[in-house]
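*Asks:* Below is one structure. I have some questions about it.
The values are calculated or read from the model by the stated rules, or taken from the named source; none is laboratory data. Owing to the predicted nature of the structure, the values given are computational and were not obtained by experimental measurement. Methodologically, a virtual Cβ is constructed for each residue, glycine included, from the backbone with ideal geometry; neighbour enumeration extends over all protein chains shown. Accessible surface is based on the protein model in full, side chains and every heavy atom, while ligands, DNA and RNA are left aside. Shrake-Rupley method; radii C 1.70, N 1.55, O 1.52, S 1.80 Å.
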Amino acid sequence: MSKVSLEFVSFLIVLLVIAAAFDLWLLRTWNRSRRLQKRKTLEKDFTPASLKPGSTDKGLVQPAVQGVRSKPGAASPASAGRKSSRGSQSFPPVIEIGAAEPTAARSKRAGKTVSQKASLSVQGSSGRTAHVDISMELPEGESIRLTLESISPGTAFPAAGKASAENSRIQTMNAGVATAAGAEHPRLERGQPFLSSFFHNIQTSGRSIFSSFFSDAQTAGRSLFFLALAIYLLTRLIGLAQWPIYFFTDEAVQTNFAAGLVKGHFVWENEFLPTFFNNAGQFEMNVSVYVQVIPYLIFGKSVFVTRAISVLITLLGAAAIGWILRRIFRLPLWWSGVLLFSIIPVWFLHSRTAFEPAESITFYLAFLYFYMRYRNDKPWMLLPALFFGALSAYTYSPAQVVMAVTGGLLFLSDLPYHGRHKWIALTGFGLLILLALPYLRFLILHPEANRDQLAIVGSYWVNDTPLIEKLKLLFIEYLKGFDPRYWYLPYPPEGVYQTIIRHLMKGYGHLALWSLPFTLVGLLLCLWNIRLSKFRTVLITLLAAPLGGAIAQITITRVLFMVVPSALLTALGVSWVLGLFERYDGPELPDFLAVWRERAAGLVTALPALRETAAEQINDLGIREFFRRWKDRTAQAATTSLGLARVPYLTLALGLFLLLGSVNGYMLWDSLVNGPTWYHDYSLYGMQYGGEQLSSALMKYKQDHPDANLIVTTSWANGTDEIFSFFLPDGVISSTDTIRSYIQNYIPINAQDVIVMTADEYQTAQSSGRFTAIPVLQTLPYPDGRPGFYFTHPVYIDNIQDVIAAEKAELAKPVEEDINLSGEMIHVVHSRFDMGSLADGFDGDPYSVIRTLQDNPMFLDLYFPASHQFTVFHVRVGGAPTKLTVKIYPSNGGDPIVYTTEVPRASDYRDLEITLSTPIDSNHIRLEIETVGESPPTHVHVYEIQMEGVGWKSGIATHSP
């Protein structure tokens with residue numbers, strides 16, 4: 001069995017297990033609903049029409065439906081003690097049912113029965129109409145009569161079987177005679193076509209299932225919640241390996257590190273079970289690697305499996321959204337939060353990848369759910385809240401800032417509550433210390449890791465600038481995180497934000513523009529109810545979300561936490577708007593929504609009340625009396641008015657479910673069909689397309705040409721070594737290099753060498769003049785059909801070595817320029833740079849870089865207009881083994897005085913410093929920075945140069961005019 005089919009079968013088994021569990025739950029719910037429905041049927045008391053009034057048959061009782069009361073303030077036994085969402089009125093009207101059917105009646109019905117349905121309605125004293133739909137099983141040949149009676153407020157129910165003489169609003173309906181199947185009943189007759197019978201059974205079963213799963217609001221909510229989770233899961237798993245079209249190095253490295261951890265017996269770089277994994281100098285991965293260990297052992301390396309594990313984790317976050325809206329906010333449409341969360345465009349994209357931010361946000365949502373439960377009704381849930389908070393912080397480094405701020409604000413916000421539950425709070429504090437131990441170990445082993453990581457991402461916090469300037473930059477970046485243009489426009493403003501197209505669904509924006517009004521409504525609701533902890537918690541998540549990116553620069557992965565408050569606020573807004581239209585027969589609205597529905601009813605009745613009041617003589621009433629009567633008449637009408645509430649709950653719920661489910665389906669279709677060609681830049685700064693596709697082409701080419709030496713370009717993506725390690729076994733690729741190396745240097749090309757280059761590199765090679773011919777052996781197209789990768793065998797021109805030697809001689813000539821350093825114009829002769837400028841080496845920024853084009857060592861000759869007594873030379877370099885040489889030419893002439901220092905290879909930045917015990921007077925200094933062990937042409941990186949002397953220190957350099 002092939003690897004792909006094995007993965008498919010294995011994952012199909014997992015999905016079947018999930019489906020089986022879901023089916024068992026559905027069957028259990030269905031059976032419970034049927035038992036409840038049967039119990040209700042047995043409790044109803046019907047009287048056959050054949051019994052005349054006054055009959056002495058003791059086995060039967062009088063009519064079952066005694067009355068329908070719509071008296072304000074009445075409460076049914078099922079809802080006794082439950083606070084009404086509308087003042088003193090309770091909806092729907094209470095139906096009181098008579099005594100249970102005697103045994104004799106049930107035994108009589110034990111024979112052949114026929115299903116019958118009846119619908120009755122009656123207008124009450126308030127002018128409103130009550131409706132009753134009844135389904136019953138009747139013995140064949142019998143009929144019943146149902147009476148629905150309206151009882152005036154304050155009137156007791158009449159005795160069973162007797163109608164109230166005072167009330168004429170009585171509707172009697174003959175339910176008809178029960179007939180046997182095959183007679184007059186419209187059931188299928190024997191001998192009808194099999195297909196008709198089949199579809200009739202399907203229809204009957206469908207109605208039965210529908211009535212079972214949507215029999216009441218609570219059951220319907222649970223059913224829609226699980227269906228919403230199923231939609232969320234399907235819209236992630238379908239076509240998971242095909243879109244996003246890139247398989248990024250940050251995804252591949254998760255499984256690669258998991259494989260390395262297993263092979264190293266869970267020891268990584270001399271650490272057992274490391275707290276964080278070093279990825280290109282950044283310690284930021286933890287949980288996202290460990291969760292890939294078991295899948296790697298079972299399935300090996302697979303794009304689908306790597307991403308699917310992340311998808312299954314994010315399913316917890318989607319469920320947490322629904323649980324928060326149900327358990328904490330008590331929303332009738334609580335399940336809609338799952339679908340609203342699912343169709344946030346930026347989340348739709350990133351939840352289909354194996355990027356660690358998606359997993360971190362999932363744990364953050366779980367933290368919020370358990371914390372809200374702790375704050376609401378379950379104090380012990382503080383412990384799982386802290387556990388998931390720690391998981392979020394360990395999964396993604398910017399989450400450490402978000403979690404710290406969220407936790408601190410929640411602690412201060414709910415401080416009195418913590419004091420009332422001090423024992424559980426103290427227990428949580430002890431658990432927090434245990435959870436922090438791995439991080440403390442990390443800080444001990446890597447004390448400079450956090451600072452270096454901030455430096456790598458370009459954070460201003462590591463710059464040598466005043467604190468007030470850093471706080472100012474923090475405030476500016478923080479405000480950018482709330483800019484609606486960045487979140488809602490399909491294309492954020494260029495030059496203001498760093499927008500990478502592979503993180504953006506074309507035409508959607510990061511957040512859906514249509515959701516903005518609902519989000520604003522939810523925000524106003526939270527501000528209106530800010531005294532309640534649950535609303536403060538949502539606002540705290542909103543305040544904390546941008547901080548992960550504000551400490552450096554706003555990028556979408558760093559501020560992806562914004563999807564959490566966005567989903568919650570949008571769900572609150574949608575529930576508020578739809579709650580105005582939901583009929584009172586639905587589930588009880590929470591108080592913060594019910595009050596607005598009452599106000600909506602007042603607004604609806606205000607205009608008619610104004611017309612009635614204006615009909616009176618305003619001159620006789622006076623202005624004050626006029627407004628008082630208008631207010632009283634409006635309030636009186638509002639107590640009996642439905643306001644905007646006209647739509648049944650089930651209709652509203654199913655309509656919303658179909659709408660949001662359709663949006664999910666459309667986004668899935670659009671991304672799979674149109675997504676590959678949304679953008680046409682598939683290069684390093686675009687989609688970085690080609691990980692799986694290029695690897696498959698290389699594997700096939702190697703199988704067809706075993707003697708070929710494949711030399712593959714690295715210019716199309718970040719971390720191509722990790723990508724090739726994920727897809728290819730050892731030996732498929734001979735080496736990795738770009739065609740530019742063959743253009744700048746003479747590298748013999750053997751007959752078996754096949755150089756794989758991108759389309760841009762192919763054009764560069766053709767125009768370089770270095771090759772007589774570049775035969776194309778094979779091409780690999782981009783998704784839009786253009787050639788993307790070329791398998792070639794270039795042929796050098798005859799005098800290639802002379803051409804390259806002449807060009808190198810020209811490039812070896814030094815560059816001369818002047819810079820202003822500490823108020824002095826200094827003449828500098830230095831190596832050619834291909835990255836940065838001379839001023840970048842003296843700008844005071846320890847992370848701006850200058851890099852040589854080919855020289856090793858890099859040299860700088862500095863000629864000062866006046867002599868200085870130099871004492872200290874300081875150079876900051878990267879992780880390569882480096883040697884610093886300082887040559888000081890005395891002002892009075894003579895040979896230079898030479899000082900050297902050297903540092904070995906490391907993973908961090910290093911500072912090389914030479915301090916002179918005796919100052920030397922000089923106006924000519926030569927600095928040489930050499931990467932040890934590498935011969936030119938190579939690149940030498942320098943990040944900062946500083947010099948000090950007696951009464952003199954190099955300041956920030958500027959170019960000469």
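*Asks:* Among the numbered criteria (1) free of Cβ contacts under 8 Å to residues at least 40 places away in the same chain; (2) part of a loop (DSSP other than H, G, I, E, B), which one does residue 888 miss?
*Replies:* That leaves (2) as the condition not met.
The rows are residues; the columns are (1) polar (S, T, N, Q); (2) not in a helix (DSSP H, G or I).
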site	(1), (2)
651	yes, no
656	no, no
666	no, no
683	yes, yes
692	no, no
701	no, no
707	no, yes
715	yes, yes
721	no, no
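*Asks:* Quick one: count up the residues across the range 226-256 that are open to solvent by 10 Å² or more (accessible area, probe 1.4 Å), more than 20 Å from residue 667 (Cβ to Cβ) and not in a loop (DSSP other than H, G, I, E, B).
*Replies:* Counting residues in the range 226-256 that are open to solvent by 10 Å² or more (accessible area, probe 1.4 Å), more than 20 Å from residue 667 (Cβ to Cβ) and not in a loop (DSSP other than H, G, I, E, B) gives 4.
*Asks:* I need the full set of residues from the range 258-314 which are assigned to a loop (DSSP other than H, G, I, E, B) and either under 18 Å from residue 354 (Cα atoms) or aromatic (Phe, Trp, Tyr) (or both), in order please. Working first, answer last.
*Replies:* Step one: filter the range 258-314 for residues assigned to a loop (DSSP other than H, G, I, E, B), giving 264-266, 269-270, 273-276, 280-281, 286, 291-292, 300-302.
Matches in the range 258-314: 266, 276, 280, 286, 291, 292, 300, 301, 302.
Listed here are the residues, each with its yes/no results for (1) over 46 Å from the mean Cα position of the chain (by Cα); (2) among the hydroxyl-bearing types (Ser, Thr, Tyr); (3) part of a helix (DSSP H, G or I).
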residue	(1), (2), (3)
756	no, no, no
763	no, no, yes
772	yes, yes, no
777	no, no, no
780	no, no, no
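*Asks:* Does residue 428 count as under 30 Å from the mean Cα position of the chain (by Cα), over 14 Å from residue 379 (Cβ atoms) and surrounded by 13 or more Cβ atoms within 10 Å (Cβ to Cβ)?
*Replies:* Working: under 30 Å from the mean Cα position of the chain (by Cα): yes; over 14 Å from residue 379 (Cβ atoms): no; surrounded by 13 or more Cβ atoms within 10 Å (Cβ to Cβ): yes.
No.
*Asks:* Next up: For the range 360-384, give me each residue that is touching a Gly at 6+ places or on another chain (Cβ under 9 Å) and either under 25 Å from residue 234 (Cβ atoms) or among the polar types (S, T, N, Q) (or both).
*Replies:* 361, 362, 363, 364, 365, 366
*Asks:* Which ones in the range 371-388 are open to solvent by 50 Å² or more (accessible area, probe 1.4 Å), part of a helix (DSSP H, G or I) and under 15 Å from residue 423 (Cα atoms)?
*Replies:* Of the residues in the range 371-388, the ones open to solvent by 50 Å² or more (accessible area, probe 1.4 Å) are 375-378, 380, 383, 387.
Pick out the ones that are also part of a helix (DSSP H, G or I) and you get 375-376, 380, 383, 387.
Of everything in the range 371-388, those that are open to solvent by 50 Å² or more (accessible area, probe 1.4 Å), part of a helix (DSSP H, G or I) and under 15 Å from residue 423 (Cα atoms) turn out to be 375, 380, 383.
*Asks:* Among what's in the range 903-961 and is open to solvent by 70 Å² or more (accessible area, probe 1.4 Å), of a type in the set (Gly, Ala, Ser) and farther than 22 Å from residue 827 by Cβ, pick the residue that is modelled with the lowest pLDDT.
*Replies:* This residue is 907.
*Asks:* Specify the residue that is nearest to residue 928 (Cα to Cα); the eligible residues are those in the range 814-837 that are within 43 Å of the chain's Cα centre (by Cα) and surrounded by 14 or more Cβ atoms within 10 Å (Cβ to Cβ). Working first, answer last.
*Replies:* First pass over the range 814-837, keeping only residues within 43 Å of the chain's Cα centre (by Cα): 833-837.
Adding the requirement that they be surrounded by 14 or more Cβ atoms within 10 Å (Cβ to Cβ) leaves 833, 836-837.
On the way: 833: 14, 836: 18, 837: 17 Å.
Per the stated criteria, the residue is 833.
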